[in-house]
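**Student:** The structure's right below; bear with me while I get my questions together.
The values are calculated or read from the model by the stated rules, or taken from the named source; none is laboratory data. Everything quoted here is computed from the prediction, not taken from an experiment. Quick reminder, even Gly has a Cβ in these numbers, built from the backbone with ideal geometry, and neighbours come from all protein chains shown. For accessibility, only protein heavy atoms count, side chains too; no ligands or nucleic acids. Shrake-Rupley method; radii C 1.70, N 1.55, O 1.52, S 1.80 Å.
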Amino acid sequence: QIRRQGGIQLLVDLLDHRMTEVHRSACGALRNLVYGKANDDNKIALKNCGGIPALVRLLRKTTDLEIRELVTGVLWNLSSCDALKMPIIQDALAVLTNAVIIPHSGWENSPLQDDHKIQLHSSQVLRNATGCLRNVSSAGEEARRRMRECDGLTDALLYVIQSALGSSEIDSKTVENCVCILRNLSYRLAAETSQGQQMGTDELDGLLCGDANGKDTESSGCWGKKKKKKKSQDQWDGVGPLPDCAEPPKGIQMLWHPSIVKPYLTLLSECSNPDTLEGAAGALQNLAAGSWKWSVYIRAAVRKEKGLPILVELLRIDNDRVVCAVATALRNMALDVRNKELIGKYAMRDLVHRLPGANNSNSSASKAMSDDTVTAICCTLHEVITKNMENAKALRDAGGIEKLVGISKSKGDKHSPKVVKAASQVLNSMWQYRDLRSLYKKDGWSQYHFVASSSTIERDRQRPYSSSRTPSISPVRMSPNNRSASAPASPREMISLKERKTDYESTGTNATYHGSKGEHTSRKDTMTGE
């Protein structure tokens, strides 16, 4: 009714009124009018009345804390609407960063008192502003580019996270928002940044070689190429100073520099907020994807910082989306030969334990695993046994064959075709190790259990399941997760086998605000105020 009678325009006009009291009431009314998915038409109407620039003008000039909180709350509610994400980046990104996020983060004047810092971080204004940017960070490549290039944004977000480590703030909504933004901004970094595109020719050779190598190792066995690839992975093995790094990273470089690994791992080991855990695992997943030099360094840094046991332990958590993100992160970590050995040795039982089937005590928990998560675990197992016979043996020793056969031979209603296919691919690769066939037969298995019809084997052999590829949950997917190409999809969707392109990265499902007062939008990274 209010919209139809022109009330939104009148309220927007009042944002430029001379009286503070009027600003407060007009903002409060607008925030309620644009709350929830059901009011998307009101959000569009507010934007069409010039509402976003008017809110930004008010935010820039007011010093009243309550009004700043209301204005950022309106922007947060608006940001859950896909059509408004780019307009918000256009009109509000710079002011939210410079007027709210940088000053409230405490980054610029770091020597603040601890209690003062915490008080700043728990401010509703910072929570609302990061909630808004979390939602818009899922709007696709251009949105990510603008946010990565926004001066001081990455530094301030990371500063908020680092200040919260070891305090009660670690489980807060603000930290969750910051992690989800960083996860989305970490998506496809190599492809979308100038630093990613300035690879040396050697590195490009390695990439192209890696690709070819991945496609035909089984048939052509180009051992020479394989050696060459290993050499590039050993440029920095996590020990000693990092090559190409004279000074400490700043701005966009902080997104991919190995020093970011430590705060993410600290969150994963100390935080109990599942959305933050999913976001941090998704960020590491994105950073470890592919053959970019910095991805190689990140995989080594996770090993050096003792991050693999932290990830493996999270496989035991009772949260489907966290397990999915952690499994995919481990899959990408296993692109590093040494990590692959360690994961095979220390994570195999946990990975197999999470698969449905067999009479393990965990059957009830396994039942709860979504198709996407079971698929992610199968893909991780596949990566871990590829080109590593010891790991294939460990998979058999952990009882994995029984569970995988149970999935691959199940009748249609029990598991989706995606899950059946992922399990079948693991079995098919297990059968390629001729030396292990006598063991399998001793356990009572035959070729029938491992290999589908010959036509599917041939076809699947071409699939991107080689170690040169990494699973990708788009940044938007893990953090920005959207259905459309431009918007991120949920980590689950992203992991679907069909979509496995060369980058296995994750973007943010976490962008969505599932808060007590938030809008529950469909697994997007959106958050809304009251």
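**Student:** Check 367, 340 and return the single one that is farther than 26 Å from residue 299 by Cβ and either of a type in the set (D, E, K, R) or at pLDDT 95 or above (or both).
**Tutor:** Numbers: 340 fails: farther than 26 Å from residue 299 by Cβ.
Answer to the selection: 367.
**Student:** I'd like the full set of residues that are open to solvent by 20 Å² or more (accessible area, probe 1.4 Å) and either part of a helix (DSSP H, G or I) or under 21 Å from residue 103 (Cα atoms) (or both), limited to segment 49-61.
**Tutor:** 53, 57, 60, 61
**Student:** Also, I was wondering about something else. Assess whether residue 32 counts as being open to solvent by 80 Å² or more (accessible area, probe 1.4 Å) and either in contact (Cβ under 8 Å) with a residue 24 or more places away in the chain or within 14 Å of residue 58 (Cβ to Cβ) (or both).
**Tutor:** yes
**Student:** Can residue 24 be described as assigned to a helix (DSSP H, G or I), crowded, with 21+ Cβ neighbours inside 10 Å and basic (Lys, Arg)? Write out each step before concluding.
**Tutor:** Values: assigned to a helix (DSSP H, G or I): yes; crowded, with 21+ Cβ neighbours inside 10 Å: no; basic (Lys, Arg): yes.
Spelling it out, it is not the case that residue 24 is assigned to a helix (DSSP H, G or I), crowded, with 21+ Cβ neighbours inside 10 Å and basic (Lys, Arg).
**Student:** Quick one: which residue in 299, 331, 321 is open to solvent by 40 Å² or more (accessible area, probe 1.4 Å), of a type in the set (Lys, Arg) and modelled with pLDDT of 95 or more?
**Tutor:** 321
Table: residues versus (1) open to solvent by 10 Å² or more (accessible area, probe 1.4 Å); (2) closer than 24 Å to residue 426 by Cα; (3) polar (S, T, N, Q).
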{"position": "282", "(1), (2), (3)": "no, yes, no"}
{"position": "291", "(1), (2), (3)": "yes, yes, yes"}
{"position": "306", "(1), (2), (3)": "yes, no, no"}
{"position": "325", "(1), (2), (3)": "no, yes, no"}
{"position": "338", "(1), (2), (3)": "yes, yes, no"}
{"position": "342", "(1), (2), (3)": "yes, yes, no"}
{"position": "347", "(1), (2), (3)": "no, yes, no"}
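**Student:** Does residue 163 count as more than 13 Å from residue 291 (Cα to Cα), open to solvent by 30 Å² or more (accessible area, probe 1.4 Å) and at pLDDT below 95?
**Tutor:** no
**Student:** Could you list all residues from segment 376-418 that are in contact (Cβ under 8 Å) with a residue 60 or more places away in the chain and either touching an Asp or Glu at 6+ places or on another chain (Cβ under 7 Å) or more than 23 Å from residue 332 (Cβ to Cβ) (or both)?
**Tutor:** Passing the criteria: only 418.
**Student:** Identify all residues within segment 402-423 that are under 11 Å from residue 371 (Cα atoms) and either open to solvent by 30 Å² or more (accessible area, probe 1.4 Å) or in a helix (DSSP H, G or I) (or both); write none if there are none.
**Tutor:** Result: 414, 417, 418, 419, 420, 422.
**Student:** Please enumerate the residues belonging to segment 78-88 that are closer than 13 Å to residue 129 by Cβ and part of a helix (DSSP H, G or I).
**Tutor:** 78, 88
**Student:** Might you check whether a residue that is assigned to a helix (DSSP H, G or I) and in contact (Cβ under 8 Å) with a residue 60 or more places away in the chain occurs anywhere in segment 41-48?
**Tutor:** Taking every residue of segment 41-48 in turn, none turns out to be assigned to a helix (DSSP H, G or I) and in contact (Cβ under 8 Å) with a residue 60 or more places away in the chain.
**Student:** Does segment 85-107 contain at least one residue that is at pLDDT below 95 and either under 17 Å from the mean Cα position of the chain (by Cα) or over 30 Å from residue 50 (Cα atoms) (or both)?
**Tutor:** Yes, because at least one residue in segment 85-107 is at pLDDT below 95 and either under 17 Å from the mean Cα position of the chain (by Cα) or over 30 Å from residue 50 (Cα atoms) (or both).
**Student:** Shifting gears a bit: Among helices (runs of 4 or more DSSP H) lying entirely in segment 252-345, which contain 3 or more residues that are over 26 Å from residue 155 (Cα atoms)?
**Tutor:** 307-314, 320-333
**Student:** Can I ask one more? Anything in segment 21-39 that is modelled with pLDDT of 95 or more and of a type in the set (D, E, K, R)? List them, or say none.
**Tutor:** Of everything in segment 21-39, those that are modelled with pLDDT of 95 or more and of a type in the set (D, E, K, R) turn out to be 21, 24, 31.
**Student:** Oh, and also: Considering only residues of segment 121-151 that are open to solvent by 10 Å² or more (accessible area, probe 1.4 Å) and in a loop (DSSP other than H, G, I, E, B), which is farthest from residue 94 (Cα to Cα)?
**Tutor:** Filtering first and then ranking leaves 122.
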